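Asker: Got a structure for you, questions after.
Derivation of every value follows stated rules applied to the coordinates shown; laboratory data play no part. Since we're looking at a predicted model, the values are computed, not measured. Reconstructed Cβ throughout: ideal geometry from the backbone, glycine too, with neighbour counts over all protein chains shown.
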């Protein structure tokens, strides 16, 4: 699965930018980075823009909330039609209850960990979630370099999923491009968030297809229909 990040898109043309990666063999999800200038040192967009974007595209919205107090704000994104709503374990007060509330509001629930946050203390919490988002850069800004050390967390999650101890989809976000996507695929990622690699290309739709083909060539034994 490829999830282009609109953080790298033209914010003045979001509907057009969404259309550029939609259609047959296009994006599986559209990744929407919500930042509040408190949890991370950047301010992007919020609920009204997500609600408008939901009306402008049929691509499922994958909302990544890099915000303080997600227990209060996350449900609104589910209520306006986000397909997957991801919160940070470092910010959520009661992540288990939040996962239940997100599902009750109609969305999948995702849990994200920063590069320096270990996975093991949160494995029990992850049993309540649908998606694990492993950050491969420090959250807050696009265009950063991939941190390869986080792939050990991906490998751990992949083993637990393959042995039936977790049922999450494993997603990665940060520095994903043609140079890094193969290592992420080999480690066990299911869904690849790519910003500059897609929206910095002359043809974003073709860039999505190229990344997906590269993943499939790298891991021919994976059953990607189940991702």
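Asker: How large is the helix-only mean residue ellipticity at 222 nm for the chain, computed as the sum of -39500 (n - 2.57) over DSSP H runs with n ≥ 4, divided by its residue count, in deg cm²/dmol to the nearest 500?
Answerer: The helix contribution divided over the chain gives -9500 deg cm²/dmol.
Asker: A further question follows. Taking the chain as a Gaussian network, where each spring joins two C-alpha atoms under 10 Å apart, which residue of 116, 76, 26 fluctuates the most?
Answerer: The residue that fluctuates most here is 116.
Asker: Based on the mean of other beta carbon atoms within 10 Å per residue, what is the order of 211-220, 166-175, 145-154, most packed first?
Answerer: Top of the packing list down: 166-175, 145-154, 211-220.
Asker: Order of 86-98, 43-55 by packing, highest average Cβ count within 10 Å first?
Answerer: Listed from highest to lowest mean packing, they are 86-98, 43-55.
Asker: Which of the following values of mean projected area of the Cα convex hull in nm² was calculated from the structure shown: (i) 15.5; (ii) 12.6; (iii) 10.9?
Answerer: Here mean projected area of the Cα convex hull in nm² agrees with entry (iii).
Asker: Same structure, new question: Measure out, as a whole number of angstrom, how far apart the alpha-carbon centroids of region 32-86 and region 1-31 sit.
Answerer: 15 Å
Asker: Percent antiparallel among DSSP beta bridges with both residues in region 1-145, to the nearest 5?
Answerer: If we restrict to bridges inside region 1-145, about 5 percent are antiparallel.
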